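The values are calculated or read from the model by the stated rules, or taken from the named source; none is laboratory data. The structure displayed is predicted, hence computed values, not measured ones. Note that each Cβ is placed from the backbone with ideal geometry, even for glycine, and that neighbours are counted across all protein chains shown.
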Amino acid sequence: MADNGSERVVPVAVNRIELETGMPFETLRRAFEREVPPLDVAEFERLVADGAEWRRFVQAAGGNGVHSFVTFWQSHPTPIMKVGGSDAPSAAYLIGDYATIARMFRHDPGVMLYAPIRVELHVNRAGRTVLSVDQPSSHLVSFGNNKITQTGYELDRMLGDLIEELGMPRPSVLRR
């Protein structure tokens, strides 16, 4: 049975930030994983089961740094990619902060397409480590909702804070 649903195509211009550093890949990867700890899934499942209030979720979700990010997912594809013919180190992450995401979600659940934020680390052909990430606000402005856009700018600031905590310069598009 065919659904008579509708289609909407939203063009989105995105700023991809690529920060090249002389920091060794493993040093940056370890620093990133220390700075953005994994979400404690068992704790969140317990809070849901207990019917906890939102403030308890917010308290449990905070990361280590001034940015408050935690890692929701991570992948280290290097061993598989090596079999595919490339031995370039790589790591990918989905990071975010539930409290910040929730402020957008209540206006449009579709923000989950762009929040959490995807971050990727790799070694380029010149042998230098690269941190790549899309500027959060450049995605989120496409929703046409001022509350979401303003929260996107807040995520820009938080991402800039994280990058500085990693010992790298804050990108110009993530200025406070």
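Residues checked against (1) out of contact with any Gly (no Cβ under 6 Å at 6 or more places or on another chain); (2) surrounded by fewer than 17 Cβ atoms within 10 Å (Cβ to Cβ); (3) among the hydrophobic types (A, V, I, L, M, F, W, C); (4) under 21 Å from ARG30 (Cα atoms):
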site: PHE44; (1), (2), (3), (4): yes, yes, yes, no
site: ALA49; (1), (2), (3), (4): yes, yes, yes, no
site: PHE57; (1), (2), (3), (4): yes, yes, yes, no
site: THR71; (1), (2), (3), (4): yes, no, no, yes
site: ALA88; (1), (2), (3), (4): yes, yes, yes, yes
site: HIS107; (1), (2), (3), (4): yes, yes, no, no
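Based on this model, can you work out whether SER86 counts as among the small types (Gly, Ala, Ser) and either closer than 24 Å to PRO171 by Cα or within 16 Å of the chain's Cα centre (by Cα) (or both)?
No; evaluated as a whole, the condition is false for this residue.
For residues in region 84-125 being within 22 Å of ALA60 (Cβ to Cβ) and in a loop (DSSP other than H, G, I, E, B), which is modelled with the lowest pLDDT?
Once the filter is applied, the top-ranked residue is ASP97.
Can you spot a residue in region 144-154 that is surrounded by fewer than 13 Cβ atoms within 10 Å (Cβ to Cβ), free of Cβ contacts under 8 Å to residues at least 60 places away in the same chain and aliphatic (A, V, I, L, M)?
No, every residue in region 144-154 fails to be surrounded by fewer than 13 Cβ atoms within 10 Å (Cβ to Cβ), free of Cβ contacts under 8 Å to residues at least 60 places away in the same chain and aliphatic (A, V, I, L, M).
Return the pair list, or none, for Cβ contacts closer than 6 Å from residues in region 91-116 that are farther than 11 Å from PHE69 by Cβ to residues that are aromatic (Phe, Trp, Tyr), at least 6 apart or on different chains.
ASP108/PHE143; VAL111/PHE105
Can you work out which of the residues in region 49-86 that are in contact (Cβ under 8 Å) with a residue 24 or more places away in the chain and among the aliphatic types (A, V, I, L, M) is nearest to MET158 (Cα to Cα)?
In this case the residue turns out to be VAL66.
Looking at LEU113, LEU131, can you tell me which residue is under 24 Å from PRO38 (Cα atoms) and either in contact with an Asp or Glu (Cβ under 9 Å, 6 or more places away or on another chain) or of a type in the set (S, T, N, Q) (or both)?
Exactly one residue qualifies, and that residue is LEU131.
Anything in region 165-176 that is in a helix (DSSP H, G or I) and buried (at least 16 other Cβ atoms within 10 Å of the Cβ)? List them, or say none.
Result: GLU165, LEU174.
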